[in-house]
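What follows is one structure encoded as structure tokens, with my remarks underneath.
Every read-out reported here was derived from the displayed coordinates using simple, explicitly stated rules and does not represent laboratory data. From a predicted model like this one, the values you see are computed outputs, not experimental measurements. Please note: Cβ atoms are built from the backbone with ideal geometry, for glycine as well, and neighbour counts cover all protein chains shown.
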Amino acid sequence: MEGRPLEEAELIEQAKRGDTEAYAEIVRRYQQLAFRTAFVVTGQAEDAEDAAQEAFVKAYRALPHFTSGLPLRPWLLRIVANEARNRRRSAGRASGLVVRVSQDRPSVDAAPSAEAALLASETRTSLLDAIGQLRDDDRRVIACRYFLDLSEAETAEVLDLPRGTVKSRLSRALARLRLALATTDPPTTESSDDR
Amino acid sequence: MTDNRRLHDESSVESALRELAPTIAYPPTPDLATSVRAALTDREALRPPRFRWRLFRRSSLAAVVALVLLAGAALAVGFGLRGLSIVFVDTPPPGASEELRLGEPVTLAEAQAEAPFRILLPTMSKPDEVYADSRSGIHQVTLVYRSPAGDEVDLLVTQFLARPELDAAVKQVGPGTSVEAVIVGDQEGFWIAGEPHVLTYVDPRGSVIEDRIRLVGDVLVWQAGDLTLRLEGAGSKEAAVQIAESIE
């Protein structure tokens, strides 16, 4: 797009009038979050792509019903999550979510906080090991809240849980994580964070 | 430098998880903007029909009746058939548009392949269009019968399994709407007629899903085995029951 990037509200209004270019720009802005959210739900990249694409198509059709002025993100996430859950159900398989970290440091676009730089690689390894020991439900709620940085309300929508259950499940997941960490010996060698 | 012992209280673990977030390796994000735009262009010709019935106007009045399909027994204070209860609520939903929300256009064969139930069909003729929709968590199939000229929707038959874990569909109607118990074959049903009413869905937690609204006209709702069926557009209770009894 040329010139000043359009505000989201302007894009929404244009898309409501049938402007697929404007809608494509909306998709561009949310596609990473939508895809990753679908991935957390389905555990499969292919299913996540299909779910996210279909969700955006359905959202376009539903756009005339979207109330202008409300935040688009939770509305989109709800549609993405519904589609991802349906795919997971219809696939008839329960793909566990596998959490991996990149060998590389985060990109500039995903710049870590100053604190992030301090997280020692051996601690990351221990943390990943401990996450790997958790139940899949625990991994998903942790992924939503801490890795995707969703709010409690958004996490509830994505996982199709009451908000109170998100809170209690998260608390239990963190407790189990601490327990797993307590029983994991810190690595004595240098970083092996590519596991 | 952090170490394992640092992570034995909740806030430290939370901090460590947040620090881990930027390093999480996801599969590469596909170019959805391009694929979605292409899909929208391809499907434009298959957009769902729109109702043009004048009756379907926005209702702004307060008292409403909600039909809650399924479990909702704790909420039910009035009528009820198996898997269907009628409850009274105080607050009407926000406005609705006139567009039908039928889901994805599919062939009858595709709909049957995807549906977790045998699709029941009226004996009168094959549907002009078929739609499938799983947005609410309920797999729903809608048969569309068009007017002879093809420019308007004459009849809609929607069916879905009343799944016990869902609180299910809610139908809210404005004042002046009558709800009458009827018999369809040997099954109980309800004929809801009068003012416009709104079809919404609630999720398993009982909260209303945001993309829920469409207005419908007089409607017959009944059950056939595990299926709940809804018939709209028949014009009269008698015609609706007659059509419903021909569905098999």
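Quick notes on this structure:
- Number of partner chain Cβ atoms within 10 Å, mean per residue of A:133-141: 0
- Two-site FRET efficiency, B:S11 against B:S236, from Cβ-Cβ distance with R₀ of 60 Å, rounded to 0.05: 0.35
- Working note: Karplus 6.51/-1.76/1.60 with θ = phi - 60° gives region B:218-233 the couplings 4, 9, 10, 10, 8, 10, 10, x, 7, 8, 9, 10, 9, 10, 10, x Hz, where Gly and Pro are set to x.
- Label sites at A:E152 and B:R118, each approximated as a point 7 angstrom past Cα along Cα to Cβ, lie 4.8 nm apart.
- Averaged over peptide A:22-29, the number of partner chain Cβ atoms lying within 10 Å of each residue's Cβ comes to 4.
- Separation of the A:D160 and B:E248 label points, Cα + 7 Å toward Cβ, nm: 3.5 nm
- Semi-axis lengths (Å, descending) of the ellipsoid that matches the C-alpha gyration tensor of region A:8-91: 23, 11, 11
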